[in-house]
1. Using the structure shown, decide if residue 178 is open to solvent by 10 Å² or more (accessible area, probe 1.4 Å) and within 19 Å of residue 84 (Cβ to Cβ).
2. Out of all the residues in the range 208-226, which are over 21 Å from residue 707 (Cβ atoms), among the aliphatic types (A, V, I, L, M) and open to solvent by less than 20 Å² (accessible area, probe 1.4 Å)?
3. Only one of these is surrounded by 19 or more Cβ atoms within 10 Å (Cβ to Cβ) and of a type outside the set (A, V, I, L, M): 332, 338. Name it.
4. If I go through the range 73-119 residue by residue, how many of them are touching a Pro at 6+ places or on another chain (Cβ under 7 Å) and charged (D, E, K, R)?
5. Within the range 31-50, which residues are over 14 Å from residue 21 (Cβ atoms), open to solvent by 70 Å² or more (accessible area, probe 1.4 Å) and modelled with pLDDT of 90 or more?
6. Return only the number of the condition from (1) crowded, with 17+ Cβ neighbours inside 10 Å; (2) farther than 29 Å from residue 457 by Cα that residue 67 does not satisfy.
7. From (1) closer than 20 Å to residue 592 by Cβ; (2) open to solvent by less than 10 Å² (accessible area, probe 1.4 Å); (3) more than 11 Å from the chain's Cα centre (by Cα), pick out the condition that doesn't hold for residue 423.
8. Taking the condition of being open to solvent by 20 Å² or more (accessible area, probe 1.4 Å), closer than 14 Å to residue 86 by Cα and assigned to a loop (DSSP other than H, G, I, E, B), how many residues in the range 124-155 meet it?
Amino acid sequence: MVDFKKLRRRQQNPRPIHPEQIFLRLPKSPGLNDLWNGQAEALRLWHERRDEKDNVIKLNTGGGKTLVGLLIGQSILNEERGPVLYLCPTRQLQEQVIEESQKYGIPTVAYPKNPGLPIEFQAGQAIMIATYHALFNGHSKFGLSGYSQQVQLAGIVFDDAHTAFSNMRDIFFLSIRKQKSQDLYHEITVQFREAFERQSRQGTFDDIINGLENSIVEVPYIAWKNRATEVRQRLAEIANENFPFVWPLIRNSFEQCHALISKDQFTITPLLPYVDLFPSFTGCPNRIYMSATFADDSSLVRTFDADFDSVSRPVSPTSLAGVGERMILAPELMPLFEVDYRVLASKLAKEVALSAGVVILSPSKQRALQWDDVATVVEGDDVSTAVKALKCSSSLDNGPYVFPNRYDGIDLPANSCRLLILSGLPKGSNDYDLHRATVLEGSGTINAALAQKIEQGMGRGTRGGGDHCVVLLLGNELVGWVSRAENLQLLTNTTQAQVKIGVKISNEIDSHDALGKTMNQCLARSSDWTEYHANELADSTFLQPVDERSLKVAAAERKYFRLMREGYYQKATTTIRDFVGKNQNLDPKLKGWLLELGARSAHQSNNATLREELQHEAYSYNKNLHRPSSQIRYVPLSVPTKQAGRIADYLEGFELKHGALAEFEQIVSKLVPAASSNQFEEALKNLGHLLGFSAERPEKEQNIGPDVLWLLDSCTTWTIEAKSQKQVDSGLRKSEQGQLLTALQWVGEQYPTINHFGIVVHPNADATKSVTVGKTMALTLPKLGELVGSVRTLLEELVSETMDRSTLEARCESRLRDLQLCPGQIGNRYLSPFVNAEGAD
């Protein structure tokens, strides 16, 4: 018998360094013969730049990133540079990478649960596969800054690096959960009620603490700095038992952290992750970030302090390799009438699950439970079990499964997922993400992050160029968001093409039966469909340019953060002020976010005057930020231009016109008594915008004035107080009218030459006997419903056919008159005078 080991030792050829040469020599499993073109190109480009400390490699979802990362890791080992670590966001992905390495014969070892690190890893004989948390934690086996025991790594490969911002944020989260530690939660949060009183947000604070409000608020940084030491001392008593892995990372920098309050927890987290605490990371000469083509790479700068120049020049092969065939459909964009879209999708899910895998992705557990009548809701470690069941060829388990907030880290190739339903617009994965999304809502920064989540979600069902699935986009908020031209452009070129294909198809589907038959053309591999899809997609291979502006913002935040960490507070403030001053074209909400950072550092340096100046400026750009301590100067609303023109502008913002209806339905769904007062008032403001008026919420933004103000034209305002949650038979009280009269006085001072209508949104037009009704008008809930119906009719007609701009405006103007929605008509049609009613309480 031939001793092949002896023959190999006798040859003693040097180990290859080029990743392609390594691949050729691997003992691969049967059928794994060649690299895809995109993989080969990525490996060649990386090899040319392998001496750079940071490299970003971008491949299509399903384009073979894992193999590329493993080959790069093996190349670093073959150069005998030292240990290589391959990091994944989840344990499930860690298992998948190990399975992949075994298929290709690449030596790997799993991160051990027991103390110590494997000899094979330390000796550079095998790549260690681990989660991000294995390296980044307060008791890292790789060592922390200031400790003698540190592991010098030759290379780190970050898999799914585009998801890292949330993953790394979770590592630096110290949370006091109300369910587990109710007394401690209340003990800490109650200390900050006075701070929210000064912000005139005590009602919101109380509702959150009592579990009645779902939003997340940040403790004002002034109050947090005053109490941070006290909170730290209290938490130090229980830190080792309750927060062992995060406490060492943030215990010395509480004052520079965000403090967030939700109904479920009190959270402390740094402005940005403290990656400088990990010398194995900062000292590593080869850091490879494996990213999807759609990713906003500013997160790599913001999260890892990655080199700006390297990140701005990613390794990005131009190829359709890995791009699966997807029929992307949105039932809300179809000419279907009186349809419960969730019921329709449930029926389709059950039908497809008879022969293939069906998966539903939802933004939250609460949203996922809406599907529990037809699908199994799966979380945590159970996700891995469900995915294995779907992928097992001998299994009869095709779901449907619902995975809450799992838009990445799940590979569902071939028959494991032939129908993928995205139910609702993705949200953040933690309280910081949700807080940031609220503060920066509608900004380019948040929209880019949402686009990334949506791309990730749609990529779960196609894991390669030969794969296919049907994707259903469900929910008015998601469909409305995707339909906007500025948002659609944030998706990759191939996904944009597939969405537009789906819209063309959706316009032809006018029944439940037609939808099922159309989906089956994809699932049954109809040549008519596959040829049409391939032809439409052929011109979508060009690369989208790197968004250097977002990279510059992230770099400025990182520079600011380093200066704050080092105690150079004045320099940190100057950094932010200079950056904003040189970049005046930044999105206003983002500009406000940055200026508030400058106010934070000014406060740290005890410069109250500069702090107030910057906070005022920040708030003028973004009313979701902390309100300044001193009085805010009110800036009157701009007088709206031609009503029909403003509505036409709104509709032209949608690439997919019917998406305007989906967004409208999402807005008006909150104009119901069951909505919170904040939701109702925000929806009422947005209804004003939809009608072509100028609208705002002065009481929320200025702490004075009405709940909602509509400026209809140069002659008329509606000063609106919202009492939507009152009992149906309850009358208007004197105190409530008093609020309106106070608001009217304020509006009169701000708009002295305009006629003002005092309006109360009320269940009815009844007033108690003590009320002198005068000119006070009621927008009753039934009349509000009629108004909403008229706006719906207007939008339905305007999006029903393609029109040029002049025709659109003319049609809109005509229908506004017909529906009595013009400034001179709307009051007569939809408002009612209050009447003193017998028995009204």
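1. Considered against the rule, which asks whether it is open to solvent by 10 Å² or more (accessible area, probe 1.4 Å) and within 19 Å of residue 84 (Cβ to Cβ), residue 178 comes out as no.
2. Of everything in the range 208-226, those that are over 21 Å from residue 707 (Cβ atoms), among the aliphatic types (A, V, I, L, M) and open to solvent by less than 20 Å² (accessible area, probe 1.4 Å) turn out to be 209, 219, 223.
3. Sole residue among the options that is surrounded by 19 or more Cβ atoms within 10 Å (Cβ to Cβ) and of a type outside the set (A, V, I, L, M): 332.
4. So the answer is 0.
5. Within the range 31-50, 48 is the sole residue that qualifies.
6. Condition not satisfied by residue 67: (2).
7. Unmet condition: (1).
8. Number of matching residues: 1.
The values are calculated or read from the model by the stated rules, or taken from the named source; none is laboratory data. Just so we're clear, the structure is a prediction, and the values are computed from it rather than from any experiment. Note that each Cβ is placed from the backbone with ideal geometry, even for glycine, and that neighbours are counted across all protein chains shown. Just the protein is used for accessible areas: all its heavy atoms, side chains included, with ligands, DNA and RNA removed. Shrake-Rupley method; radii C 1.70, N 1.55, O 1.52, S 1.80 Å.
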